[in-house]
Amino acid sequence: MKKIIYLFTIVALTISCHKDLDQNPIDPDLFTEVEVYQSEDDARGALAKVYSALAVTGQQGPDGDPDIDGSILDEGFSQYTRILHTLNEISTDHAVVGWGDPGLPNIHELSWDVNNGWTKGMYFRLGQVVSFANSFIENAADLANNSDEVGYYIAEARFIRAYAYLQLMDMYANVPLVTTVSTELPEQSNRAEIFAFIESELIALDAELKDPQANEYGRVDKVAAWALLSRLYLNAEVYIGEAKYAETITQAEKVMNSAYALNTSDGNSNGSAYDELFLADNNTNGAQDEFIFLIQFDGINSQTWGGATYLVHASIGGSMDASAFGVNGGWAGLRTTKALVDKFGYAITATNGNGEPTAWSDSRAMFHTDGQNYEMAKIPKFTEGYAVTKFRNVDTSGNAGSDSSGDHVDMDLPILRLAEVYLNYAEAVARGGGGSANTALGLINQLRTRAGAPQATAAEMNTQFVMNERSRELYWEGTRRTDLIRDGKFTTADYLWPFKAGAALGQSTGNHRNIFPIPEDVLLVNPNLQQNPNY
């Protein structure tokens, strides 16, 4: 806790992301906090630290000087997108992991407690992002009076703070809402208050962020605010008990009318346009035009054992050839359940001797089946369940990423991309928000055309079909838990998957699992906070 509170005053960036945000390192021993903000270039370096709080884990490369105390969660585990995948994908039908690290098996079993390192780690990681953003916004304010560019920097920091609060509200519900740097113990806010704050910030940022695609790659513009609003409104019924599907459609239409576009040009003879979204050169191969908000990774300049490095290495095991993925080996951990595989049942083109699927015409069905069991008898070992080949550290020509050791990965990870906004629109229409049913069908079919999948028909376009399409398009991108909760299927018996809640065939569990517990450490430090129900 003390380390987190201290670190929000440190704006030095010792390890940058891609060259778009490269800055000379600022030694915190040589500058006071105020002196760091004396020039536009210094402020830009501090902004890079706000962005990189979602990418890296400490002050010196992949490990060695963590931002978050290693007694909470190992530094390699504590990277933001790695915890996001653990909490929002491994807790669902999309993924399992066979490792036995403390607290990790409990995630897919939906059996975590108040001391689970993964749920604690996310709370502290997001709290750190908020702290960095608050510090930047306050300390760059004076400089912004004489610099329009710094004004844009502040708007970007406000967006990242709003994003962090949306994740905190989604995962922990009633958290403190803190927008200034303070030593006072904050009061607890409720979801309605946090929702209103996020909404008002994102609406205000429409006038504060740069115009669509007027910013450099890796930095957000107005479209990011519209896209995040569409996600916020889509889940409003869960967060505040009030449906806002019409508002979802309004924001989605603004995004769809912007300059962002689906990546449909396949430059990879061994893959597809969908495949290019998750390659090492996705910052230049056309995928970048679909990415609205992303987290940058570079095998040399932003090394971490989380991020894209985790998704590539952890997905490789069994008979898989690691060199085909541009890395030096696999960690034999991540796989999927047949519940995800079965969503591609319409596209099966080959089966094995047991009649189990082994090939599909839909290019989004990216599974390795050789030596893997379709029916999962237990979660360990790696051969239980099909492996996922969605993420690879090679470019469109098959060349490996920049780290010659094969350890670290260049692929950037999209947090908001245009395809999700298409699906937000289609789901909001299906749930009665208005809009155009023909437009919704057309958007779904654009995604299916890119994947080589059969065209959907108007008769198919109900809520369940759209939810399944979200699963097919967005699996392992960090949204599945939220989608299942919105659809009433995360904890209930309405939808079961292998080893849901610890049962081989799946079972229901208490609805309190729709949110995570506030870490016990935080409650001990701040008596103003109350634990979430049934924890």
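The values are calculated or read from the model by the stated rules, or taken from the named source; none is laboratory data. A quick note: this is a predicted structure, and the numbers were derived from the prediction, not measured. Neighbour counts are summed over all protein chains in view; Cβ atoms, including those assigned to glycine, are modelled from backbone coordinates with ideal geometry.
Structure data summary
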| quantity | calculated |
| --- | --- |
| Ser200 at pLDDT below 95 and more than 22 Å from the chain's Cα centre (by Cα) | no |
| Residues of region 483-500 satisfying the condition of being crowded, with 22+ Cβ neighbours inside 10 Å and not charged (D, E, K, R) | Leu484, Phe490, Trp497, Pro498, Phe499 |
| Test set (1) within 14 Å of the chain's Cα centre (by Cα); (2) surrounded by 24 or more Cβ atoms within 10 Å (Cβ to Cβ); (3) farther than 22 Å from Ser508 by Cα - Leu73 fails condition number | (1) |
| Hits in region 365-374 (condition: assigned to a loop (DSSP other than H, G, I, E, B) and closer than 11 Å to Val341 by Cα) | Ala365, Met366, Thr369, Tyr374 |
| Residue list for region 430-466, restricted to those being surrounded by 15 or more Cβ atoms within 10 Å (Cβ to Cβ) and either outside any helix (DSSP H, G or I) or touching a Gly at 6+ places or on another chain (Cβ under 7 Å) (or both) | Arg431, Gly433, Gly435, Gly452, Ala453, Ala456, Met461 |
| Filter pass, Glu237 being at pLDDT 95 or above, closer than 17 Å to Ala196 by Cβ, surrounded by fewer than 20 Cβ atoms within 10 Å (Cβ to Cβ) and touching a Lys or Arg at 6+ places or on another chain (Cβ under 8 Å) | yes |
| Yes/no for Pro454 being over 30 Å from Gly61 (Cα atoms), in contact (Cβ under 8 Å) with a residue 12 or more places away in the chain and assigned by TED's automatic domain parsing to the domain that holds Ala314 | no |
| Residue match in region 158-170 (condition: among the aromatic types (Phe, Trp, Tyr), surrounded by fewer than 22 Cβ atoms within 10 Å (Cβ to Cβ) and either in contact (Cβ under 8 Å) with a residue 12 or more places away in the chain or part of a helix (DSSP H, G or I) (or both)) | no |
| Any hit, region 179-191, residues being closer than 27 Å to Gly432 by Cα, outside any loop (DSSP other than H, G, I, E, B), modelled with pLDDT of 95 or more and out of contact with any strand residue (DSSP E or B) (no Cβ under 8 Å at 6 or more places or on another chain) | yes |
| Search result, residues across region 366-412 that are over 26 Å from Gly452 (Cβ atoms) and of a type in the set (Asp, Glu) | Glu375, Glu384, Asp403, Asp407, Asp410 |
| Subset tally (residues that are farther than 15 Å from Glu75 by Cα and of a type outside the set (A, V, I, L, M)) for region 117-152 | 16 |
| Hits in region 353-375 (condition: over 20 Å from Phe325 (Cβ atoms) and either without any contact (Cβ under 8 Å) to a residue 12 or more places away in the chain or in contact with a helix residue (DSSP H, G or I) (Cβ under 7 Å, 6 or more places away or on another chain) (or both)) | Gly353, Gly355, Pro357, Ser361, Asp362, Tyr374, Glu375 |
| Condition check for Tyr239: touching a residue at least 60 places away in the same chain (Cβ under 8 Å) and in a loop (DSSP other than H, G, I, E, B) | no |
| Those residues of region 383-413 which are surrounded by 24 or more Cβ atoms within 10 Å (Cβ to Cβ) and either in contact with a His (Cβ under 7 Å, 6 or more places away or on another chain) or assigned to a loop (DSSP other than H, G, I, E, B) (or both), in sequence order | Gly385, Tyr386, Ala387, Phe391, Arg392, Asn393, Gly401, His408, Val409, Asp410, Met411, Asp412 |
| Subset tally (residues that are more than 22 Å from Gly478 (Cβ to Cβ) and either of a type in the set (Lys, Arg) or not in a loop (DSSP other than H, G, I, E, B) (or both)) for region 143-157 | 10 |
| Unmet requirement for Thr264, which otherwise passes all of (1) over 17 Å from Leu447 (Cβ atoms); (2) surrounded by fewer than 17 Cβ atoms within 10 Å (Cβ to Cβ); (3) not aliphatic (A, V, I, L, M) | (1) |
| Asp362 being in contact with a Phe, Trp or Tyr (Cβ under 9 Å, 6 or more places away or on another chain) and either surrounded by fewer than 20 Cβ atoms within 10 Å (Cβ to Cβ) or in a loop (DSSP other than H, G, I, E, B) (or both) | yes |
| Residue match in region 270-278 (condition: over 23 Å from Ala204 (Cα atoms), among the charged types (D, E, K, R) and in a helix (DSSP H, G or I)) | yes |
| Residue in region 291-308 that is part of a helix (DSSP H, G or I) and either at positive phi or at pLDDT 95 or above (or both) present | yes |
| Any hit, region 467-485, residues being touching a Leu at 6+ places or on another chain (Cβ under 6 Å), touching a residue at least 60 places away in the same chain (Cβ under 8 Å), among the charged types (D, E, K, R) and closer than 23 Å to Thr81 by Cα | yes |
| Count of residues meeting criterion [at positive phi and either more than 26 Å from the chain's Cα centre (by Cα) or basic (Lys, Arg) (or both)] in region 319-366 | 1 |
| Only listed residue being modelled with pLDDT of 95 or more and outside the structural domain of Lys49 (by TED's automatic domain parsing), chosen from Gly317, Gly271 | Gly317 |
| Any hit, region 502-520, residues being hydrophobic (A, V, I, L, M, F, W, C), exposed (fewer than 15 other Cβ atoms within 10 Å of the Cβ) and within 25 Å of Pro176 (Cα to Cα) | no |
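To keep it simple, each residue is scored yes or no on (1) under 22 Å from the mean Cα position of the chain (by Cα); (2) basic (Lys, Arg).
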site: Asn445; (1), (2): no, no
site: Arg472; (1), (2): yes, yes
site: Gly488; (1), (2): yes, no
site: Gly510; (1), (2): no, no
site: Ile515; (1), (2): yes, no
